[in-house]
Amino acid sequence: MSRRKKVLVIGLDCAAPELVFEQWREELPNFRRVMDNGVWGKLESCIPAITVPAWSAMMSSKDPGTLGFYGFRNRGDHSYERHTLANSQSVKADRIWDILSRAGKKVITIGVPQTYPPRPVNGIQVGCFLSPSTKNYERPYTYPASAMHEIEVVVGEYLVDVPNFRTDDKDYLLRQIYTMTQKRFKLVKKWIVEKEWDLFMFVEMGTDRLHHGMWKYHDPAHYKYEVHPVYNSSIREYYCYIDNEIGQILELIDSDTTVFIVSDHGARKMDGGICVNEWLIREGYLTLKSYPKARTAIDRCEIDWSKTKVWGDGGYYARIFLNIEGREPQGIVKPGEVEALRNELKAKLEAIVGPNGVNIGTTVFKPQEIYRQCDGVPPDLIVYFGDLYWRSVGSVGYDSIYTFENDTSPDDCNHAQYGIVIKNDPDVREGPGGKELTGLQLIDMAPTILQQFHVPVPLDMQGTGF
Ligand SMILES: [Zn+2]
């Protein structure tokens, strides 16, 4: 009668559907246990398919434009210099733990991106990979602050992320990822049993860090693929390790608990980088006062704004900004010409060919066309070079629009638009192997979780429950 439904959300940043549902399906018995009798499928990320804003889009059921941030780093205003970083303070919308806390449910969240600084919840919130320190009691990374000490007692030094994960030292990377993940699962398993909760959600970043660091050893189609006795199987072994941890967790929960396994986006090999500002210079949209002798970040270049209509930013995708009269301090694009210029850029960017002369399949998005609203300072265009097989490089000084070296540090994987979701509701039995669902999106997650608790779904949520 007074049965109490609970929800456990296992978040695996960047977990890829091709690996979980296809390539290693037979080697991941515990993922399969959750799929069995449940529903599962590819989960379409937001645009851009990046950790920030993706997890917040998932947990608030709102697109990035509505949330008002378009990546981790955003323009703070229409000046050329001011940037802001999107931590939890940038998230004005309710996420499910806010709503469930108000409904009197007990919540525990661990490591969900954009939960630093942590905010008061009816339970515990452990900050995400953005937490600068796990030792500073003046600026606690947990709510309540007393949880910091509790965590230290359980795992010693807790790792919110792998320090210096962009490294060529792959042994170090693997060691650090396992250390971090083991500690997180140790804490999760302890709190699942000992704490009172209705919603328990954690996000493991190890999957993402491993993909970015090891993909060239994993994917024989990668242009940098190398045969290596240990590294070639490192991603598979980590998935098997995670699978084992999930198996242990499944033993700890009761039959009133609905389990989700979810990722915010997928992963794919990176074929190279398109130097977006080099391209803009060549096409006559961007003028520097002097071309740098060495590779230089665009922020450090002297841009001649009186002759610049467009500039861009690097990252897993490109952000394109127009220098608009009356909007930017030295804008030269007349407001009446903005739409024509955006269309011209879109056509030219989508025509970009690779070094072999073949079109790489770039897609350009206008924020106003993909979001319900555009809060904050949106880019004027969002660009997926080569359907994300190519990253965007913002630095200048390459003498080419292509680069096969990263301007920030080693990274062999880009994000892919589809992540995973698996849902196992003990009250619904779909049969052996579960039922594959199609058309699921990030924004469908929050309503789905609220429905588990029979908590009304707010009208401004953009997704639908499944
Ligand atoms: Zn991510």
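The values are calculated or read from the model by the stated rules, or taken from the named source; none is laboratory data. From a predicted model like this one, the values you see are computed outputs, not experimental measurements. So basically every Cβ, Gly included, is an ideal-geometry build from the backbone, and we count neighbours across all protein chains shown. Remember, those area values only see protein heavy atoms, side chains included, never the ligands or the DNA or RNA. Shrake-Rupley method; radii C 1.70, N 1.55, O 1.52, S 1.80 Å.
For segment 370-379, indicate whether the set of residues that are more than 30 Å from Glu302 (Cβ to Cβ), within 16 Å of the ligand (Cβ to nearest atom) and either within 21 Å of the chain's Cα centre (by Cα) or not aromatic (Phe, Trp, Tyr) (or both) is non-empty.
No, segment 370-379 contains no residue that is more than 30 Å from Glu302 (Cβ to Cβ), within 16 Å of the ligand (Cβ to nearest atom) and either within 21 Å of the chain's Cα centre (by Cα) or not aromatic (Phe, Trp, Tyr) (or both).
Please go through segment 147-170 and pick out each residue that is open to solvent by less than 80 Å² (accessible area, probe 1.4 Å) and either part of a helix (DSSP H, G or I) or modelled with pLDDT of 95 or more (or both). Talk me through it step by step, then tell me what you get.
Start the filter on segment 147-170 by keeping residues that are open to solvent by less than 80 Å² (accessible area, probe 1.4 Å), which leaves 147-148, 150-151, 154-156, 158-163, 165, 167, 169-170.
Listed by number, the residues that qualify are Ala147, Met148, Glu150, Ile151, Val154, Val155, Gly156, Tyr158, Leu159, Val160, Asp161, Lys170.
Consider Gln125 carefully, then state whether it is within 16 Å of the ligand (Cβ to nearest atom) and within 30 Å of Ile253 (Cβ to Cβ). Walk me through how you get there before you give the answer.
Numbers: within 16 Å of the ligand (Cβ to nearest atom): no; within 30 Å of Ile253 (Cβ to Cβ): yes.
The answer is no for Gln125.
Of all the residues that make up segment 223-246, how many are open to solvent by less than 10 Å² (accessible area, probe 1.4 Å) and out of contact with any Ser or Thr (no Cβ under 9 Å at 6 or more places or on another chain)?
Final tally of qualifying residues: 3.
Is one or more of the residues making up segment 265-285 among the hydrophobic types (A, V, I, L, M, F, W, C), within 30 Å of Met59 (Cα to Cα) and either within 30 Å of the chain's Cα centre (by Cα) or open to solvent by less than 10 Å² (accessible area, probe 1.4 Å) (or both)?
Keep residues of segment 265-285 that are among the hydrophobic types (A, V, I, L, M, F, W, C), which gives 267, 270, 274-276, 279-281.
Checking the rest, the ones that are also within 30 Å of Met59 (Cα to Cα) come to 267, 270.
Still in the running and either within 30 Å of the chain's Cα centre (by Cα) or open to solvent by less than 10 Å² (accessible area, probe 1.4 Å) (or both): 267, 270.
Looking for residues that are among the hydrophobic types (A, V, I, L, M, F, W, C), within 30 Å of Met59 (Cα to Cα) and either within 30 Å of the chain's Cα centre (by Cα) or open to solvent by less than 10 Å² (accessible area, probe 1.4 Å) (or both), one finds at least one in segment 265-285, hence yes.
I'd like to verify a number: residues in segment 158-171 that are in contact (Cβ under 8 Å) with a residue 24 or more places away in the chain and over 15 Å from Asp412 (Cα atoms), how many? I'd like the intermediate steps shown before the answer.
Step one: of segment 158-171, the residues in contact (Cβ under 8 Å) with a residue 24 or more places away in the chain are 158-162, 165-168, 170.
Applying the additional criterion that residues be over 15 Å from Asp412 (Cα atoms) yields 158-162.
Selection size over segment 158-171: 5.
Go through segment 377-399 and give me each residue that's touching a helix residue (DSSP H, G or I) at 6+ places or on another chain (Cβ under 7 Å) and not in a strand (DSSP E or B).
Those that are touching a helix residue (DSSP H, G or I) at 6+ places or on another chain (Cβ under 7 Å) and not in a strand (DSSP E or B): Pro378, Pro379, Asp380, Gly394, Ser395, Tyr398.
Assess whether Arg372 counts as being touching a helix residue (DSSP H, G or I) at 6+ places or on another chain (Cβ under 6 Å) and of a type in the set (Lys, Arg). I'd like the intermediate steps shown before the answer.
Working: touching a helix residue (DSSP H, G or I) at 6+ places or on another chain (Cβ under 6 Å): yes; of a type in the set (Lys, Arg): yes.
In short, yes.
For segment 83-98, enumerate the residues that are open to solvent by less than 30 Å² (accessible area, probe 1.4 Å) and either closer than 21 Å to Trp197 by Cα or of a type in the set (Asp, Glu) (or both).
Arg95, Ile96, Trp97, Asp98
Looking only at segment 66-82, count how many residues are under 18 Å from Val310 (Cβ atoms) and either surrounded by fewer than 16 Cβ atoms within 10 Å (Cβ to Cβ) or aromatic (Phe, Trp, Tyr) (or both).
5
Please work out which residue is surrounded by the fewest Cβ atoms within 10 Å (Cβ to Cβ), limiting yourself to segment 1-36 and to residues that are basic (Lys, Arg) and assigned to a helix (DSSP H, G or I). Even if it seems obvious, please write down each step before you answer.
Initial filter on segment 1-36 (basic (Lys, Arg)): 3-6, 25, 32-33.
If we keep only those that are assigned to a helix (DSSP H, G or I) too, we end up with 25, 32-33.
Numbers: Arg25: 14, Arg32: 19, Arg33: 18.
Filtering segment 1-36 for residues that are basic (Lys, Arg) and assigned to a helix (DSSP H, G or I), the one surrounded by the fewest Cβ atoms within 10 Å (Cβ to Cβ) comes out as Arg25.
Among (1) at pLDDT 95 or above; (2) within 16 Å of the ligand (Cβ to nearest atom); (3) closer than 30 Å to Met148 by Cβ; (4) open to solvent by 10 Å² or more (accessible area, probe 1.4 Å), where does Glu44 come up short?
Answer for Glu44: the failing condition is (3).
Residues checked against (1) within 16 Å of the ligand (Cβ to nearest atom); (2) closer than 17 Å to His222 by Cα; (3) open to solvent by 30 Å² or more (accessible area, probe 1.4 Å):
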| position | (1), (2), (3) |
| --- | --- |
| Thr403 | no, yes, no |
| Asp411 | yes, yes, no |
| Ile420 | yes, no, no |
| Lys423 | no, no, no |
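Any chance segment 99-122 includes a residue that's within 27 Å of Gly419 (Cβ to Cβ), open to solvent by 10 Å² or more (accessible area, probe 1.4 Å) and within 16 Å of the ligand (Cβ to nearest atom)?
Yes: one or more hits.
Across segment 48-65, which residue is least open to solvent (accessible area, probe 1.4 Å) among those that are part of a loop (DSSP other than H, G, I, E, B) and more than 14 Å from the ligand (Cβ to nearest atom)?
Let us first name the residues in segment 48-65 that are part of a loop (DSSP other than H, G, I, E, B), namely 48-50, 61-63.
Keeping just the survivors that are more than 14 Å from the ligand (Cβ to nearest atom) gives 61-63.
Working: Ser61: 0, Lys62: 20, Asp63: 17 Å².
So, considering only residues that are part of a loop (DSSP other than H, G, I, E, B) and more than 14 Å from the ligand (Cβ to nearest atom), the one least open to solvent (accessible area, probe 1.4 Å) is Ser61.
Within segment 306-354, how many residues turn out to be open to solvent by 20 Å² or more (accessible area, probe 1.4 Å), hydroxyl-bearing (Ser, Thr, Tyr) and within 27 Å of the chain's Cα centre (by Cα)?
Residues in segment 306-354 being open to solvent by 20 Å² or more (accessible area, probe 1.4 Å), hydroxyl-bearing (Ser, Thr, Tyr) and within 27 Å of the chain's Cα centre (by Cα): 1 in total.
Here is a list: Lys190, Lys216, Lys183. Which entry is open to solvent by 10 Å² or more (accessible area, probe 1.4 Å) and in contact with a Gly (Cβ under 9 Å, 6 or more places away or on another chain)? Before you say what the answer is, go through the steps one by one.
Numbers: Lys190 fails: in contact with a Gly (Cβ under 9 Å, 6 or more places away or on another chain); Lys216 fails: in contact with a Gly (Cβ under 9 Å, 6 or more places away or on another chain).
The match here is Lys183.
Out of all the residues in segment 1-58, which are charged (D, E, K, R) and closer than 29 Å to Trp197 by Cα? Steps first, please.
Our first condition is that a residue be charged (D, E, K, R); within segment 1-58, this holds for 3-6, 13, 18, 22, 25-27, 32-33, 36, 42, 44.
Result: Arg3, Arg4, Lys5, Lys6, Asp13, Arg32, Arg33, Asp36, Lys42, Glu44.
Show me the strands (runs of 3 or more DSSP E) entirely contained within segment 194-313 in which 1 or more residues are within 16 Å of the ligand (Cβ to nearest atom) and in contact (Cβ under 8 Å) with a residue 12 or more places away in the chain.
Working: elements: 199-204, 257-262, 266-269, 272-275, 310-313.
Output list reads 199-204, 257-262, 266-269.
For Asp198, are the conditions met, namely being at pLDDT 95 or above, of a type in the set (Asp, Glu) and farther than 27 Å from Val421 by Cβ? Steps first, please.
Values: at pLDDT 95 or above: yes; of a type in the set (Asp, Glu): yes; farther than 27 Å from Val421 by Cβ: no.
No, not satisfied.
Conditions: (1) under 15 Å from Thr207 (Cα atoms); (2) under 19 Å from the mean Cα position of the chain (by Cα). Thr179 meets all but one. Number of the miss?
Only one criterion is unmet by Thr179, namely (2).
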